[in-house]
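Trainee: Structure provided below as structure tokens; questions to follow.
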Amino acid sequence: MIPGSMSFGRHGSGKGRRLQRACGLVITDKRRETNMSSMATIGTRESVADALNGFSDENKSWLQLMMENPKSDDVLLDGLHLFLDRASESRFLNSLKLQKTGEWIGNTAPGRIQIRLMEAAKSSQHPAYQAFREGLVRSGGMERAYPKAPV
């Protein structure tokens, strides 16, 4: 049985119950099921920082899914701050990885969080933050989100 879930009784046995267990779907009531799309985007700042650190294709798709949901913007930015803090405290500074991460986030993130991303990148003068900021600027995300007005 899934921890924190209710017993499915005779209605949830068999293949459906195995599928629910495999997907991590928790049913709170027989009439109401939890939406998988909202569960998939919920993360913690630690999971976002780990995803940015790992930066595999699977992590990128999960981060893109998080960026689509405006409710997860705060968690995403908290995770970004944690990622940059960890990078600044590490013994070895991988500036190329930080630049590529900044460039990917700048290209992928929607316009509504471009300013907040730039604020996070400018929040410290540490070389880790500078490398991330260089990638973010190189992506051109701010220019796409907020184009210059013709004068």
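Trainee: Give me the percent relative contact order of region 44-126, please, defined on Cα pairs under 8 angstrom at least 6 residues apart.
Mentor: Details: 52 pairs, mean separation 28.2, N = 83.
Rounded, it is 34 percent for region 44-126.
Trainee: Kindly put GLU89, GLU143 in sequence by how many other C-beta atoms sit within 10 Å of each C-beta, fewest to most.
Mentor: GLU89, GLU143
Trainee: Whole Å is fine, so just give me how far the alpha carbon centre of region 63-100 lies from that of region 101-119.
Mentor: After rounding, the separation between the Cα centres reads 11 Å.
Trainee: Subtract the Cα-Cα distance of ARG144 and SER95 from 0.36 nm times their separation in residues, and report this length gain in nm to one decimal.
Mentor: 15.2 nm
Trainee: Pairs LYS97/LYS122; LYS71/LYS97; LYS97/LYS148: which exceed 21 Å Cα-Cα?
Mentor: Over 21 Å Cα-Cα: LYS71/LYS97; LYS97/LYS148.
Here, each number is a calculation from the coordinates, and none is a lab measurement. This structure is a prediction, so every number in the text was calculated from the model and none was measured. Here Cβ is always computed from backbone atoms with ideal geometry, including for glycine, and neighbour counts include all displayed protein chains.
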